[in-house]
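Before any comments, here is the structure.
Bear in mind that the values in this text are calculations on the coordinates, not laboratory data. Computed from a predicted model, the values in this text were never measured in an experiment. Quick reminder, even Gly has a Cβ in these numbers, built from the backbone with ideal geometry, and neighbours come from all protein chains shown.
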Amino acid sequence: MAGKKVVLAVSGGIAAYKAVELLRLLVKAGAEVYVVMTENAKQFITPLTFEALSGRPVYHRIFDSDRSASMEHIRAAEDAELMVVAPATANTIGKMANGLADDPLSTLYAAFAGAVIVAPAMNDQMWANDAVQDNLRKLKMRGIGMVEPEAGELACGVIGQGRLAEPAMIFDAIQKHLAQAEDWTGRRLLVTAGPTREPIDPVRFITNHSSGKMGYAIAEAARKRGAVVTLISGPTSLDAPAGVEVIPCQRASEMRDRVLERFGECDVLVMTAAVGDFAPADIHKEKIKKSGDQPLLLNLQPTPDILKEVAAHKTHQTVVGFAAESENVVQSALGKLQRKHLDLIVANDISAPGIGFQSDFNQVQLIRGADAIEVLPRLTKREVAGILLDRIRDLMPPARGSA
């Protein structure tokens, strides 16, 4: 961790003393650590302790500070690669989730552009509170890492979940994140996302319910881990991920052309797009008029099988597909994996409530073969993206040009 810049943010709870041990571990590993504290945190431990161990001033007052004019929180936000909030109280989590910025910690977080890991600590009843859990879900959906609290004896004397994870466990999470931040460096990732639209006439089209959220989450996560990412996207309402080249398209044939144009230069292709299986054989130049009670008959023809066509031409590339199924999920995904010569396929049941299309959550199975199926729990799509990138990384051959 030599040369890595980390912000250690300490909020006001009895577990603040563990932040001292976490700071010691970070400094010993060579990290440059900038500590920020809330006013309440100073009721448990003094800034001087953190200053002595970090060798740097501690940001603990917004005003009445000798360094206020230098905008300490902004400078730290620009320099650091990671912000770790440990302990994170219910109050601090609420501020982070809802955009409040009225103390040094929340102000720094609001200005911070890097990755964030949160390690909550609180009373077990506070941890179970619906509002607290809603705030935690908000943070997770924004891509913030979480080191879950442990069950054990709490400061109030009860036994329950809410005890801050041990410093060594938080330190391991930090090491893993910093390693992941570079594990896709030099790789080129091509991702497809969203639905396709097949026009019927100037005002009507055939499409599906895909939101594009899964593909955008993969593209964003890969870019943060060092990959050069190109995202070929059907029509969505999502903002383009920072640092990602986005190529828009509408029809399945357009997506096919864009994928074939870029496939040769990529190392990994991940096809999350919900490509329509059929398109009208004829597109009417004028709006089709309703004619009484007469039905409208459309002659539909199959669209190009992009994944099968591309996978047949792969050389060094790792190719990953998605299978959104409503029945026989595993069997259908295995068939697709074999027919299209994929390296991995991600299967999910789109009939299950609360996951899949339009949702921020997904529950998938990562399949490499009949005897290699990994079942994931219900997770945010950002979390699924992170795990999927881990598994793809393990499948990839060494980067071209590496020893």
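Note on the chain: with a GNM built from Cα contacts shorter than 10 Å, the maximum mean-square fluctuation among E166, E182, E327 falls on E327.
F278's amide H: which non-local residues (gap 5+, or another chain) put their own amide H closer than 5 Å, with H modeled 1.01 Å from N in plane and none for Pro or chain starts? So F278 has HN proximity to T303. In the chain, the DSSP-assigned H stretches of four residues or longer account for a calculated mean residue ellipticity at 222 nm of -10000 deg cm²/dmol, using -39500 (n - 2.57) per stretch and the full residue count as denominator.
Going by the alpha-carbon gyration tensor, a ≥ b ≥ c the square roots of its eigenvalues, is the stretch 114-258 rounded (a/c under 1.5) or, if a/c is not under 1.5, prolate (a/b greater than b/c) versus oblate?
On the way: a/c = 4.86, a/b = 1.98, b/c = 2.46.
In terms of gyration-tensor shape, oblate.
Using a Gaussian network model of the chain with C-alpha springs under 10 Å, which one of Q301, Q358, Q180 is most mobile by mean-square fluctuation? Answer for the Gaussian network model of the chain: Q301. With the gyration tensor restricted to C-alpha atoms of the chain, the semi-axes of the equivalent ellipsoid amount to 46, 23, 21 Å, longest first. Modelled spin-label separation between K289 and N129, with each label point placed 7 Å from Cα along the Cα-to-Cβ direction: 6.5 nm.
Give me the percent relative contact order of the chain, please, defined on Cα pairs under 8 angstrom at least 6 residues apart.
Numbers: 815 pairs, mean separation 44.4, N = 403.
The normalised contact order for the chain reaches 11 percent.
Find how many whole Å separate the alpha carbon centroid of the stretch 34-53 from the alpha carbon centroid of the stretch 226-261. That distance is 46 Å. Each residue in V228, V191 was given a count of other beta-carbon atoms within 10 angstrom of its own, and listing them fewest first yields V228, V191. Can you tell me, using C-alpha contacts under 8 Å and at least 6 residues apart, the relative contact order of the stretch 5-180 as a whole percent? RCO, the stretch 5-180: 23 percent. Listing K28, K381 from fewest to most neighbouring C-beta atoms within 10 Å gives K28, K381.
Quick one: W127, W184, fewest Cβ neighbours within 10 Å first, how do they rank? Can you show the working numbers first?
Details: W127 21, W184 25.
Lowest to highest Cβ neighbour count: W127, W184.
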